[in-house]
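The structure appears right after this line, and notes come after that.
The values are calculated or read from the model by the stated rules, or taken from the named source; none is laboratory data. Keep in mind that this is a model prediction, so the values were computed, not measured. Quick reminder, even Gly has a Cβ in these numbers, built from the backbone with ideal geometry, and neighbours come from all protein chains shown. Heads up: the accessible areas ignore ligands, DNA and RNA and are worked out on the full protein's heavy atoms, side chains in. Shrake-Rupley method; radii C 1.70, N 1.55, O 1.52, S 1.80 Å.
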Amino acid sequence: MTSPDDSLDTIHALTGEGYKYGFVTDIESDSLPPGLDESTVRFISAKKQEPEWLLEWRLQAFRHWLTMENPDWAKLKVAPIDYQASSYYSAPKEGPKSLDEVDPELLKTYEKLGIPLGERAALAGIAVDAVFDSVSVATTFKSKLNEMGIIFCSFGEAVREHPELVRKYLGSVVPQGDNFFSALNSAVFSDGSFAYIPPGIRCPMELSTYFRINAAKSGQFERTLLICDKGSYVSYLEGCTAPMRDENQLHAAVVELIALEDAEIKYSTVQNWYPGDAQGKGGIYNFVTKRGACRGDRAKISWTQVETGSAITWKYPSCLLEGDGSVGAFYSVAITNNMQQADTGTKMIHLGKNTTSTIISKGISAGRGQNTYRGLVRMQPKAQNARNFTQCDSLLIGDRCGAHTVPYIEVRNPSARCEHEATTSKISDDQMFYCQQRGLSKEDALSLIVNGFCKEVLKELPMEFAVEAQKLLAVSLEGSVG
Amino acid sequence: MLNIKNLHAKITDGREILKGINLDVKPGEVHAIMGPNGSGKSTLASVLAGRPGYEVTEGSVTFDGKDLLPLAADERAREGIFLAFQYPVEIPGVNNMYFLRAALNAVRRHRGQPDLDAGQFLKAVRAKLKELEINDDLLQRGVNVGFSGGEKKRNEIFQMAMLEPKLGLLDETDSGLDIDALRLVSNGINKLRSPSRAMVLITHYQRLLDYIEPDHIHVLSGGKIVMSGDKTLAAELEKRGYAMLDETAA
Ligand SMILES: Nc1ncnc2c1ncn2[C@@H]1O[C@H](COP(=O)(O)OP(=O)(O)OP(=O)(O)O)[C@@H](O)[C@H]1O
Ligand SMILES: [Mg+2]
């Protein structure tokens with residue numbers, strides 16, 4: 001039995017733990033001055049020596065964007081964003097060719113982040129494409145993957161080396177004008193990652209991208225395109241951090257996944273962008289469009305995300321279940337502490353027969369954090385015998401935070417079935433006391449209980465990521481319980 | 001080892017529940033505390049373990065010569081106080097073994113011992129299971145999740161055995177146990193008796209004391225210890241009920 005006052009005091013006493021990834025790397029970068037018009041788009045395209053069709057594609061997106069409005073339907077309080085105040089291109093000055101040429105300062109940054117580049121990548125069995133600000137700086141393991149016909153490279157390189165694949169699939173899942181942020185991204189994206197797994201190939205290692213925003217006043221607009229050809233498999237990891245800065249920084253990425261017949265894509269994200277300080281100053285605005293298409297029968301796509309950072313998260317990784325018997329899954333842990341806001345969830349669009357989807361969402365709110373699950377399950381007329389199971393659990397820590405669940409269910413085929421379960425609970429003082437009575441510190445007790453709450457999601461993550469995620473949960477919640 | 005002097009404590013609504021407890025527990029001793037429902041037995045155990053929500057208004061408690069009251073619950077636990085809960089708490093999604101290893105390592109660190117890795121821990125678990133003659137069916141489940149009443153109590157005793165506290169406070173560990181489980185749990189407790197470890201058993205029933213012979217029996221009533229005696233006191237209480245308290249007082 002803790003009195004509310006007690007808990008509040010301890011919350012105050014313990015909040016404001018440091019953001020471990022808040023360092024700034026001191027390297028010269030080649031940046032555009034702030035501002036956005038057609039010439040910005042042309043500059044980026046020229047800088048990347050892009051073909052004409054891609055420039056046209058960007059310009060089309062830009063013109064569309066000009067006609068669009070910032071979306072306001074999410075349960076988020078967002079200060080107006082001045083899109084002219086951001087810089088749309090920032091690249092480290094020295095253009096690296098191989099790992100040896102990568103700026104040692106950069107490598108040190110990655111070391112601090114714990115990214116396994118080079119030797120460490122080999123040990124960890126991970127191929128990493130690291131995107132620093134806007135440019136992809138190093139792709140490890142490329143040759144090893146090449147032997148199997150797997151393409152894994154920066155987006156820019158894919159445009160140069162595999163234009164036919166890029167042209168075929170770019171925008172095929174998330175059209176340019178899909179939403180305000182996807183249109184912006186389509187106009188000004190500067191780099192990102194690309195992967196193609198040929199038919200029947202099981203990618204032997206986790207592919208991984210690490211995103212980091214370093215330069216001040218710069219937004220990051222990367223683009224990821226992942227194609228799994230018939231009967232192939234890949235597990236893809238994405239991690240994100242950013243330095244601590246007082247002003248808000250914009251991150252508007254687009255991720256498109258395509259799984260053909262019998263292919264499977266597992267996409268995991270650990271998002272730890274700088275969340276802002278305890279008063280809500282600074283932090284990343286994360287407006288991301290992620291969508292995968294199961295474009296063949298029995299294709300599978302699963303999204304697993306652990307969202308601990310960002311001042312604002314606006315993100316709905318979704319699945320278009322086009323092929324018959326295709327399978328979509330969304331496993332999510334979202335934490336909001338202090339002044340963080342998250343409006344996140346998924347869309348499962350059932351188009352084919354016998355399609356199934358699973359949604360497991362765990363929202364954790366602490367401090368004055370606001371956490372909304374927003375999810376759409378749509379069964380289209382042809383989705384005979386489609387099935388969805390949704391489970392949304394919210395955990396509240398303290399009494400000034402909020403949890404909200406907004407499920408939309410649209411069933412247009414009478415044989416389709418949706419199941420929805422939702423719970424909201426508070427960390428009980430009894431649980432805390434029980435753990436502490438066994439010798440665990442308050443912090444360890446909290447971390448243990450929260451990890452237990454998230455277990456169904458964490459077990460979907462690849463091993464090495466799961467360990468990282470568990471630690472991150474503990475760090476994100478430091479000081480949030482009395 | 002445990003020295004309680006004139007302990008007064010109230011709950012958040014201001015009601016005084018403990019009204020001047022005096023108790024002296026020496027290493028190796030087993031004390032039983034009996035008394036009517038609502039008399040403050042669990043409250044005493046909670047206050048000793050440092051559960052939030054109780055305020056000590058008067059008196060002192062020393063443990064191994066140290067002032068216990070300023071310590072937080074987890075510090076007291078690491079100092080060697082173990083509370084077997086009257087109602088053990090469920091922690092969904094947390095594996096029982098994982099939980100116990102985290103707890104054991106926290107306690108070991110405090111004692112200046114190295115952490116046990118998974119293998120060493122498993123070995124220690126096996127040894128204890130054998131010693132207590134209990135089986136391992138509960139270990140891979142969530143902490144107390146879906147355990148029957150008896151299983152929860154057995155799990156508490158197993159945790160105590162693993163954590164090797166100096167002082168065990170057992171709050172109605174015998175309640176809700178069938179005859180076989182009672183024997184099993186009592187056996188476990190007896191095996192944990194040692195010259196350096198003390199135990200305080202809170203119970204309503206003589207039958208537990210048939211298995212575990214206490215050195216002292218106290219009767220708690222209205223927030224005070226109103227009677228103390230040796231093991232024969234339990235039998236007498238069993239026969240005459242708590243009405244005998246009034247007769248004695250009269
Ligand atoms: N956290 C609490 N909040 C409110 N009341 C409490 C709390 N803890 C104890 N009490 C009250 O204090 C009194 C003593 O309770 P306690 O649980 O200590 O009794 P007990 O002797 O253990 O009883 P039993 O034999 O039924 O277990 C009761 O009136 C109980 O309602
Ligand atoms: Mg009681």
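Evaluating A:Ala445 against the criteria (1) out of contact with any Cys (no Cβ under 6 Å at 6 or more places or on another chain); (2) facing chain B (nearest Cβ under 9 Å); (3) closer than 23 Å to B:Ser46 by Cβ leaves one unmet condition, (1).
For the range B:199-232, the set of residues classified as in a loop (DSSP other than H, G, I, E, B) and charged (D, E, K, R) consists of B:Glu213, B:Asp215, B:Asp230, B:Lys231, listed by residue number. When the range B:222-235 is filtered for residues that are open to solvent by 40 Å² or more (accessible area, probe 1.4 Å) and small (Gly, Ala, Ser), the ones remaining, listed by number, are B:Gly222, B:Ser228, B:Ala235. Tally the residues that are more than 16 Å from the chain's Cα centre (by Cα) and among the polar types (S, T, N, Q), restricting the search to the range B:22-76. Residues flagged as more than 16 Å from the chain's Cα centre (by Cα) and among the polar types (S, T, N, Q) within the range B:22-76 amount to 6. Within the range A:37-56, residues that are in contact (Cβ under 8 Å) with a residue 40 or more places away in the chain sit with their Cβ atoms under 8 Å from residues that are open to solvent by 60 Å² or more (accessible area, probe 1.4 Å), at 6+ positions apart or across chains, in these pairs: A:Gln49/A:Arg160; A:Trp53/A:Arg167.
The sole residue among B:Ala103, B:Ala161, B:Ala72 that is in contact (Cβ under 8 Å) with a residue 24 or more places away in the chain and within 12 Å of chain A (Cβ to nearest Cβ) is B:Ala103.
Scanning the range B:181-201 for residues that are open to solvent by 40 Å² or more (accessible area, probe 1.4 Å) and among the hydroxyl-bearing types (Ser, Thr, Tyr) gives a single hit, B:Ser196. Residues in the range A:275-319 that are open to solvent by 20 Å² or more (accessible area, probe 1.4 Å) and in contact (Cβ under 8 Å) with a residue 40 or more places away in the chain: A:Pro275, A:Asp277, A:Ala278, A:Gln279, A:Gly280, A:Tyr285, A:Arg291, A:Asp297, A:Lys300, A:Tyr316.
Against the criterion of being modelled with pLDDT of 80 or more and in contact with a Gly (Cβ under 7 Å, 6 or more places away or on another chain), A:Lys75 does not qualify. Within the range A:396-440, the residues that satisfy the criterion of being of a type in the set (S, T, N, Q) and either open to solvent by 30 Å² or more (accessible area, probe 1.4 Å) or within 16 Å of A:Ala366 (Cβ to Cβ) (or both) are A:Thr405, A:Thr423, A:Thr424, A:Ser425, A:Ser428, A:Gln431. Of the residues A:Leu8, A:Leu36, the single one that is open to solvent by less than 80 Å² (accessible area, probe 1.4 Å) and either part of a loop (DSSP other than H, G, I, E, B) or modelled with pLDDT of 55 or more (or both) is A:Leu36. Checking each residue in the range A:180-215 for being of a type in the set (A, V, I, L, M, F, W, C), assigned to a strand (DSSP E or B) and at pLDDT 95 or above picks out only A:Ile197.
Residues in the range A:165-179 that are open to solvent by 10 Å² or more (accessible area, probe 1.4 Å) and either assigned to a helix (DSSP H, G or I) or out of contact with any strand residue (DSSP E or B) (no Cβ under 8 Å at 6 or more places or on another chain) (or both): 7 in all.
Residues that are under 21 Å from the mean Cα position of the chain (by Cα), among the small types (Gly, Ala, Ser) and either within 26 Å of A:Leu446 (Cβ to Cβ) or within 16 Å of ligand 1 (Cβ to nearest atom) (or both) are absent from the range B:129-148. The C-beta contact set for the range B:33-47 (first residue within 14 Å of chain A (Cβ to nearest Cβ), second residue more than 8 Å from ligand 2 (Cβ to nearest atom) and among the aromatic types (Phe, Trp, Tyr), distance under 7 angstrom, 6+ apart or interchain) comprises B:Thr43/B:Tyr54; B:Ser46/B:Tyr54; B:Val47/B:Tyr54. One residue alone among B:Gly35, B:Gly80, B:Gly53, B:Gly119 is at pLDDT below 95 and more than 16 Å from ligand 1 (Cβ to nearest atom), and that residue is B:Gly119.
Give the range A:142-157 a look and list any residue that's in a loop (DSSP other than H, G, I, E, B) and either at pLDDT below 55 or surrounded by fewer than 21 Cβ atoms within 10 Å (Cβ to Cβ) (or both), or say none. Result: A:Glu147, A:Met148, A:Gly149.
Residues that are open to solvent by less than 40 Å² (accessible area, probe 1.4 Å) and within 15 Å of ligand 2 (Cβ to nearest atom) number at least 3 in the following strands (runs of 3 or more DSSP E) confined to the range B:17-113: B:30-34.
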